[in-house]
Amino acid sequence: MISIDLEPEPELEMTLDAVAKQEQSSPGEIIKRLINLYITQKKDSGLLTDCVDDLPEIACFKNKAPLIIQRALRDEWT
């Protein structure tokens, strides 16, 4: 069993308690979920191509070739 001391940061403790109440859970369960989420994210592939798939879609680039946009912007600068 691990003990976590939140005394130096009372705001963090209050926030954790508020989140636990909102989630109808215990602070310990919230911490377990956060640790599991952290571990899962760390285990994900570190490949850049895998990270790109998780990026949000940007509406201004939809159905447009990024290279063409980049060239047009560079042409404006020169």
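Working only within region 33-57, note down all residues that are surrounded by 10 or more Cβ atoms within 10 Å (Cβ to Cβ) and polar (S, T, N, Q).
Listed by number, the list holds a single entry, Asn36.
Can you tell me which residues in region 16-48 are at pLDDT 90 or above and either in contact with a helix residue (DSSP H, G or I) (Cβ under 7 Å, 6 or more places away or on another chain) or of a type in the set (Ser, Thr, Tyr) (or both)?
Leu16, Asp17, Val19, Ala20, Glu23, Ser25, Ser26, Pro27, Ile30
Can you find even one residue in region 58-73 that is at positive phi and exposed (fewer than 11 other Cβ atoms within 10 Å of the Cβ)?
Looking through region 58-73, at least one residue is at positive phi and exposed (fewer than 11 other Cβ atoms within 10 Å of the Cβ).
Just one of the numbered conditions (1) more than 21 Å from the chain's Cα centre (by Cα); (2) of a type in the set (A, V, I, L, M, F, W, C); (3) surrounded by 11 or more Cβ atoms within 10 Å (Cβ to Cβ) is not true of Ala20; which one?
Single failed check for Ala20: (1).
Within region 24-78, take every residue that is of a type in the set (Gly, Ala, Ser) and assigned to a helix (DSSP H, G or I) and give me the one that is farthest from Ile4 (Cα to Cα).
Of everything passing the filter in region 24-78, Ala72 is farthest from Ile4 (Cα to Cα).
Across region 23-32, what is the number of residues that are touching a residue at least 12 places away in the same chain (Cβ under 8 Å) and exposed (fewer than 10 other Cβ atoms within 10 Å of the Cβ)?
Total meeting the criteria: 0.
Glu13: modelled with pLDDT of 90 or more, acidic (Asp, Glu) and surrounded by 11 or more Cβ atoms within 10 Å (Cβ to Cβ), yes or no?
So Glu13 does not fit the description; no.
Is it true that Glu11 is part of a loop (DSSP other than H, G, I, E, B) and either touching a Cys at 6+ places or on another chain (Cβ under 6 Å) or at negative phi (or both)?
So Glu11 fails the test.
The values are calculated or read from the model by the stated rules, or taken from the named source; none is laboratory data. Since we're looking at a predicted model, the values are computed, not measured. Here Cβ is always computed from backbone atoms with ideal geometry, including for glycine, and neighbour counts include all displayed protein chains.
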